[in-house]
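Chemist: The structure's right below; bear with me while I get my questions together.
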């Protein structure tokens, strides 16, 4: 007769062999991004999208959300990240409709609603650009622990903005779960988003 100790020791192997590991309390999804579940970031914002509608994170409940901070005149990080996210949406196929990509400008002086409306959806028609005034921008960057600072250019209008390059990822319940580092491949982003959607 098998002992209770031996039976319990064999449970993980049995569960994995029968495909039941997702029901075990000690099993956790393995992500490509950094798992930051429970981090004290946010938890919400109040900004306006490029169509003129006021938005909060709660508006997108039921979808996985990626939140990226940048500006339209960014020469490298921003277009690269939005291109990678667009690639991830293509990989997700029909599931892309369950993901919302949000681009928050850290340059409200130059990034008008019209400019955001032309820039952000050019990467994917479903992507939304968000903006606020100087005070709202300062609050949202502080709340989400995003670094953003102007660097003077040759003229007052040709400044650049140094800013954090990571993408924050929220699950369909609105909880912060992951951070995608700059340069993360589209297929890896898509795989992580798929896990969040499947576990919703």
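The values are calculated or read from the model by the stated rules, or taken from the named source; none is laboratory data. Note that the coordinates shown come from a computational prediction; the quantities given were computed from them, not determined experimentally. Virtual Cβ from ideal backbone geometry, glycine too; neighbours counted across all protein chains shown.
Chemist: Please work out if residue 56 is touching a strand residue (DSSP E or B) at 6+ places or on another chain (Cβ under 9 Å), under 13 Å from residue 140 (Cα atoms) and surrounded by fewer than 17 Cβ atoms within 10 Å (Cβ to Cβ). Spell out how you get there, then give the answer.
Modeler: Values: touching a strand residue (DSSP E or B) at 6+ places or on another chain (Cβ under 9 Å): yes; under 13 Å from residue 140 (Cα atoms): yes; surrounded by fewer than 17 Cβ atoms within 10 Å (Cβ to Cβ): yes.
Considered against the rule, which asks whether it is touching a strand residue (DSSP E or B) at 6+ places or on another chain (Cβ under 9 Å), under 13 Å from residue 140 (Cα atoms) and surrounded by fewer than 17 Cβ atoms within 10 Å (Cβ to Cβ), residue 56 comes out as yes.
Chemist: Looking at residue 134 and the list (1) under 25 Å from residue 197 (Cα atoms); (2) modelled with pLDDT of 95 or more; (3) surrounded by fewer than 14 Cβ atoms within 10 Å (Cβ to Cβ), which single condition is not satisfied?
Modeler: Among (1) under 25 Å from residue 197 (Cα atoms); (2) modelled with pLDDT of 95 or more; (3) surrounded by fewer than 14 Cβ atoms within 10 Å (Cβ to Cβ), residue 134 violates only (1).
Chemist: While we're here: Mind checking whether some residue in the stretch 100-113 is in a helix (DSSP H, G or I), within 16 Å of residue 48 (Cβ to Cβ) and in contact (Cβ under 8 Å) with a residue 40 or more places away in the chain?
Modeler: Start the filter on the stretch 100-113 by keeping residues that are in a helix (DSSP H, G or I), which leaves 113.
Within this subset, residues satisfying the condition of being within 16 Å of residue 48 (Cβ to Cβ) are 113.
Next, only the ones that are in contact (Cβ under 8 Å) with a residue 40 or more places away in the chain stay: 113.
Yes; the residues of the stretch 100-113 include at least one that is in a helix (DSSP H, G or I), within 16 Å of residue 48 (Cβ to Cβ) and in contact (Cβ under 8 Å) with a residue 40 or more places away in the chain.
Chemist: Moving on. Answer yes if at least one residue in the stretch 19-31 is surrounded by 12 or more Cβ atoms within 10 Å (Cβ to Cβ), modelled with pLDDT of 95 or more, closer than 28 Å to residue 136 by Cα and touching a helix residue (DSSP H, G or I) at 6+ places or on another chain (Cβ under 9 Å), and no otherwise. Walk me through it before giving the result.
Modeler: As a first pass, look at the stretch 19-31 and keep what is surrounded by 12 or more Cβ atoms within 10 Å (Cβ to Cβ): 20-21, 24, 27, 29, 31.
When the remaining residues are screened for being modelled with pLDDT of 95 or more, the result is 31.
Then drop every residue that is not closer than 28 Å to residue 136 by Cα, which leaves none.
Within the stretch 19-31 (the criterion being surrounded by 12 or more Cβ atoms within 10 Å (Cβ to Cβ), modelled with pLDDT of 95 or more, closer than 28 Å to residue 136 by Cα and touching a helix residue (DSSP H, G or I) at 6+ places or on another chain (Cβ under 9 Å)), the answer is no, since none of the residues qualifies.
Chemist: With 74, 78 as the choices, which residue is surrounded by 14 or more Cβ atoms within 10 Å (Cβ to Cβ), free of Cβ contacts under 8 Å to residues at least 40 places away in the same chain and either farther than 20 Å from residue 45 by Cα or in contact with a helix residue (DSSP H, G or I) (Cβ under 6 Å, 6 or more places away or on another chain) (or both)? Give the steps one after another, and end with the answer.
Modeler: Details: 74 fails: free of Cβ contacts under 8 Å to residues at least 40 places away in the same chain.
Step by step, each of 74, 78 is checked, and only 78 is surrounded by 14 or more Cβ atoms within 10 Å (Cβ to Cβ), free of Cβ contacts under 8 Å to residues at least 40 places away in the same chain and either farther than 20 Å from residue 45 by Cα or in contact with a helix residue (DSSP H, G or I) (Cβ under 6 Å, 6 or more places away or on another chain) (or both).
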